[in-house]
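Read-outs: derived from the displayed coordinates by stated rules, not from any lab. The shown structure was predicted, so the numbers you read here are calculated from the model rather than taken from an experiment. Cβ coordinates were reconstructed from backbone atoms using ideal geometry, including for glycine residues, and neighbour counts include every protein chain displayed.
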Protein chains: 2
Amino acid sequence: MFLSFTEENYLKAIYHLSEDGKIDVSTNAISDALNTKPASVSDMLKKLSQKEVINYIKYQGVSLTPSGKKIALQIIRKHRLWEVFLVEKLKFNWDEVHEIAEQLEHIQSNLLIERLDEFLGFPPFDPHGDPIPNERGEMKAKKHTPLSETDLHNQGKVIGLKETSPLFLQYLDKAGIYIGAKIKVMDKIEFDGSLEILIDNKKTILVSSEVAKNILIAES
Amino acid sequence: MFLSFTEENYLKAIYHLSEDGKIDVSTNAISDALNTKPASVSDMLKKLSQKEVINYIKYQGVSLTPSGKKIALQIIRKHRLWEVFLVEKLKFNWDEVHEIAEQLEHIQSNLLIERLDEFLGFPPFDPHGDPIPNERGEMKAKKHTPLSETDLHNQGKVIGLKETSPLFLQYLDKAGIYIGAKIKVMDKIEFDGSLEILIDNKKTILVSSEVAKNILIAES
DNA sequence: ATGAAAATTTAGGTTTGTCTAAAAAAAAGT
DNA sequence: ACTTTTTTTTAGACAAACCTAAATTTTCAT
């Protein structure tokens, strides 16, 4: 199925908007996301509906069909792999890559993207911590963030570490932090970026910003 | 100056068509190159002329203005750098990359292309032997091809070597082949790919396909 | 439940880049 | 030089993706 650059962007927007639990996505939400007018969105929804990539009932919002979802996930896969490339290989900062990846995600070539994936060592996450879908659009992992960037009072679970030196692992063990532990950030100390965290609803400890940067959290 | 994807392709086509010594490029030549009808080309030429990237007099063909040429060379720079990336990093064959590079060449980001250039080690040539223009659109070198792929009876000059081991250099010295030597391929032996070559219009020798692959020729 | 507000769709129009058919200009042959 | 052929341009249309303005449907508040 061939979709234009623009059609692909609509599918991607609908996918992202329905990620937040929403089953049906509204016309206005799409027009906001894409910076177009609601009237333009109505036109496009009719077209995408004919191509059977969305379920659309007038005045009632849209959802992706299985084939639409698959296409959306392929675009997201491409976007996130290119972001990894830009950050890992071309030394961009993680906050500079979005715009360029928005363009690169529309390059058409399956072989290209599989080769890129391989070249990058099959990364499971993009530089923002978002998981990268595989060729079949499957995405097991959840988004993760360094503990240092987790929001105050948000409950999360330890899902990985950036640093794995014995010294660091010993420290974590002593502190009672392990993969799977529930963590809640109780306070952030402005002065040195250190955090007061609650572990498994039992114990409160203080960790330095250096430690917090190396613990990956899946927020819930 | 912002040009659309399509406008960029017109400039590139005009550049390539005027490479063969042609001062003025014809409407039909452009329509052939871009697979459009001459009528469409006429429309576009009017538009590009208004943007002052081409010199256009009705019924008399077109040429690029300095600013148009600069844009064309930037696109060619991008195209060739991406080709190097695809071949060197993603292990594509040199004959598989053109179509993908046709898409990648339109990605907008100067920073991206400078970072890519650096990442690739500032390559002077693309995988087809064509020179890569610098940021200012300057391109000193000429196209080069391995001697093994040079056309029969074509006159050329040795401009480089792929292999530089002492043994190979000694061999070349003995054979009378040096950087700058004039070489003409007199015959190709099908059986093993070896070549009969005329050096400096004086001496005829036989070189193996292995040797021929490692000598770079600028055809004239 | 009904009238106002908000959301959405339709109607009609624009721009970009394409097309076909017809007209005009240039080139080529005799 | 003058006709024929080729090349190029103009005229008028179309599809994609957008817009504004107006109409319609849904939702929300009283």
Exercise. Once you average over the residues of A:101-112, how many Cβ atoms of partner chains fall within 10 Å of each Cβ?
Worked result: 4
Exercise. Expressed as a whole number of Å, what is the distance separating the alpha-carbon centroids of the stretch A:52-68 and the stretch B:56-97?
Worked result: 40 Å
Exercise. Does the stretch B:68-119 classify as rounded, prolate or oblate by the C-alpha gyration tensor (a ≥ b ≥ c root eigenvalues; a/c under 1.5 gives rounded; else a/b over b/c gives prolate, otherwise oblate)?
Worked result: oblate
For this session: Tell me the distances, shortest first, between A:SER208 and the same position across the other copies, using label points 7 Å along Cα→Cβ, in nm to one decimal.
Result: 6.2
Problem set entry | Cut-off 14 Å, label 7 Å out along Cα→Cβ of A:TRP94, residues of the stretch A:121-140 by amide N | A:124-132
Exercise. List the GluC sites (Glu not before Pro) in the stretch B:84-164 that DSSP assigns to loop (not H, G, I, E or B) and whose Cβ has at most 11 other Cβ atoms within 10 Å. Which are they?
Worked result: B:GLU138
Exercise. Each label point is 7 Å from the Cα along the Cα-to-Cβ direction; what then is the distance between the points at A:ILE189 and B:HIS128, in nm?
Worked result: 6.3 nm
Seminar exercise, completed: For chain B, the dipole about the Cα centre with charges only on Cβ (Lys and Arg +1, Asp and Glu -1), to the nearest 20 debye, works out at 700 debye
Exercise. Which cross-chain or sequence-distant (5 or more) residues have an amide H under 5 Å from the amide H of B:ILE183, H modelled 1.01 Å from N in plane?
Worked result: B:GLY156, B:LYS157, B:VAL158, B:ASP200
Exercise. Given the pairs A:LYS22/A:LYS157; A:LYS69/A:LYS89; A:LYS12/A:LYS51; A:LYS37/A:LYS58; A:LYS37/B:LYS47; B:LYS162/B:LYS203, which span a C-alpha to C-alpha distance of over 20 angstrom in this model?
Worked result: A:LYS22/A:LYS157; A:LYS69/A:LYS89; A:LYS37/B:LYS47; B:LYS162/B:LYS203
Exercise. When ranked by the protection proxy of mean other Cβ atoms within 10 Å per residue, highest first, what sequence do the peptides B:167-175, A:180-188 form?
Worked result: A:180-188, B:167-175
Problem set entry | Spatial separation of Cα centroids for the stretch B:127-193 and the stretch A:102-179, in angstrom | 47 Å
Seminar exercise, completed: For the stretch B:102-220, the dipole about the Cα centre with charges only on Cβ (Lys and Arg +1, Asp and Glu -1), to the nearest 20 debye, works out at 600 debye
Problem set entry | For peptides B:64-70, A:71-77, sequence by mean Cβ density within 10 Å, most packed first | A:71-77, B:64-70
Problem set entry | Interchain or long-range residues, amide H under 5 Å from B:PHE125's placed H | B:ILE132
For this session: Given the options B:SER49, B:SER165, B:SER148, state which has the largest fluctuation in a GNM of chain B using a 10 Å cut-off (strictly under) for Cα springs.
Result: B:SER165
Seminar exercise, completed: Phi-derived 3J(HN,Hα) across the stretch B:68-83 with the Karplus relation (6.51, -1.76, 1.60, θ = phi - 60°), rounded Hz, x for Gly and Pro, is x, 5, 4, 4, 4, 5, 5, 5, 5, 4, 4, 3, 6, 5, 4, 4
Exercise. Looking at the stretch A:52-160, which chymotrypsin sites (Phe, Trp or Tyr not before Pro) are in a loop (DSSP not H, G, I, E or B) and have at most 15 other Cβ atoms within 10 Å?
Worked result: A:TYR59, A:TRP94
Exercise. Once you have the alpha carbon radius of gyration of the protein assembly as shown, what is it after dividing by 2.2 N^0.38 Å, with N set to its residue count?
Worked result: 1.29
Problem set entry | Charge dipole (debye, nearest 20) of the protein assembly as shown; +1 at Cβ of Lys and Arg, -1 at Cβ of Asp and Glu | 420 debye
